[in-house]
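S.K.: First the structure, which I've put down as structure tokens, then a few questions once you've had a look.
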Amino acid sequence: MSQKPKVLATRHLPEPVEARLSTDFAVVLSQDDSEISGADIIKKLDGFDGVLVCPTDKCDANFINALPGSVKILATFSVGYDHIDIAAADNAGLVVTNTPDVLTDATADIALLLMLGAARGAYWGERMVRDKTWGKWCPTHPLGLDVTGCKLGIVGMGRIGQAVAKRARGFDMEIHYHNRSRLPQELEQGAVFHKSLEELMPNCQFLSINCASTPETKGSVNAETIALMPDDAVIVNTARGDIIDDDALVKALSSGKLAAAGLDVFNNEPNIDPRYRTMENVFLLPHLGSATPQTRIAMGMRAVDNLQQFFAGQKPGDQVTYK
Ligand code: DGY
């Protein structure tokens, strides 16, 4: 390609990432960071070679099939790519890339924050201080739950799951996990493998959800699987909201089956199930898993690396499409 490849970035990106995009490509950057619909993105794409999308851009089969033939790559600024129809991209001969590795630590940190926050009452404790409802210190209340020494079950023992396990070992937690396949011993580091979620659940005083959203995992944390957990367990989710069945989680938190939950991701963000907002025993964050400047810059640079590799005629390092 003699001219610079033409790339559209759908959202405002960290400054160093936009600067690099502007140097390396004929780029059109987002002016106001507004979320634009798939149809509006398509209208802007005539003559473009690639698109840098975000998890907020729904790239379903309709979107993919409506892309002009000139667009050959979608580079997403995220490790998750459940917002992109990969089968449709493969059929259309469109390359899709993601940004693994660079957000592992930031996301694992948030998982630990959720575990501690949910178990130890970060939400209600902080509110007592702010609302001046903090009375005298009492030996018997309010009380949270211990984290140290408990059993932690991790569903999805990829990079982020392993980073959660590493941190949890610092709290002397006993690590159990379920994953599509068992890890080699050097990566397991003593964690106990369970071949199904059903087998894992009875071992989860804490459950950390770290798997991708796939047809197999969607809705897998539901009434049946939650019922298998010990009473007073805690669920935390830094993966995707749709892995949890909200009705089942709300019911288990209200009935006392579960002690607490810590949620950074939700179905239908940001218009989450309103019941969570009213519950005392949930600790809520607005999808902050990767939200540090260093991590977001690294994610952007990784997306740009993928675009560069593609336009240089190489297979991008983080290609998730098969063809
Ligand atoms: C991702 O990269 O998939 C994250 O959810 C964004 O923080």
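The values are calculated or read from the model by the stated rules, or taken from the named source; none is laboratory data. For clarity, every value in this text was computed on a predicted model and none was experimentally measured. Cβ coordinates were reconstructed from backbone atoms using ideal geometry, including for glycine residues, and neighbour counts include every protein chain displayed. Note: areas computed on protein heavy atoms with side chains; ligands, DNA, RNA excluded. Shrake-Rupley method; radii C 1.70, N 1.55, O 1.52, S 1.80 Å.
S.K.: Which ranges mark the helices (runs of 4 or more DSSP H) fully within the range 1-106 that have 3 or more residues being at pLDDT below 95 and open to solvent by 20 Å² or more (accessible area, probe 1.4 Å)? Break it down into steps so the answer makes sense when it comes.
M.R.: Numbers: elements: 15-24, 38-44, 61-66, 86-92.
Once the helices (runs of 4 or more DSSP H) in the range 1-106 are filtered for at least 3 residues that are at pLDDT below 95 and open to solvent by 20 Å² or more (accessible area, probe 1.4 Å), what remains is 38-44.
Okay, residues lined up against (1) within 20 Å of P14 (Cα to Cα); (2) in contact (Cβ under 8 Å) with a residue 40 or more places away in the chain:
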{"position": "K43", "(1), (2)": "no, no"}
{"position": "V53", "(1), (2)": "yes, yes"}
{"position": "G69", "(1), (2)": "no, no"}
{"position": "K72", "(1), (2)": "no, yes"}
{"position": "G80", "(1), (2)": "yes, yes"}
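S.K.: For the range 86-137, which positions are touching a strand residue (DSSP E or B) at 6+ places or on another chain (Cβ under 7 Å) and away from the ligand (no atom under 16 Å from the Cβ)?
M.R.: Within the range 86-137, A89, L94, V95, M115, G117, A118, A119, A122, Y123 qualify.
Residues are listed down the side, and each one gets a yes or a no for (1) among the β-branched types (V, I, T); (2) in the same structural domain as V17 (by TED's automatic domain parsing); (3) closer than 16 Å to T76 by Cβ; (4) crowded, with 20+ Cβ neighbours inside 10 Å:
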position: P270; (1), (2), (3), (4): no, no, no, no
position: P274; (1), (2), (3), (4): no, no, no, no
position: R277; (1), (2), (3), (4): no, no, no, no
position: E280; (1), (2), (3), (4): no, no, no, no
position: M299; (1), (2), (3), (4): no, yes, yes, yes
position: R302; (1), (2), (3), (4): no, yes, yes, yes
position: L307; (1), (2), (3), (4): no, yes, yes, yes
position: Q319; (1), (2), (3), (4): no, no, yes, no
position: K323; (1), (2), (3), (4): no, no, no, no
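S.K.: Is there a residue being in the same structural domain as A212 (by TED's automatic domain parsing), out of contact with any helix residue (DSSP H, G or I) (no Cβ under 7 Å at 6 or more places or on another chain) and assigned to a loop (DSSP other than H, G, I, E, B) anywhere in the range 122-134?
M.R.: There is at least one residue in the range 122-134 that is in the same structural domain as A212 (by TED's automatic domain parsing), out of contact with any helix residue (DSSP H, G or I) (no Cβ under 7 Å at 6 or more places or on another chain) and assigned to a loop (DSSP other than H, G, I, E, B).
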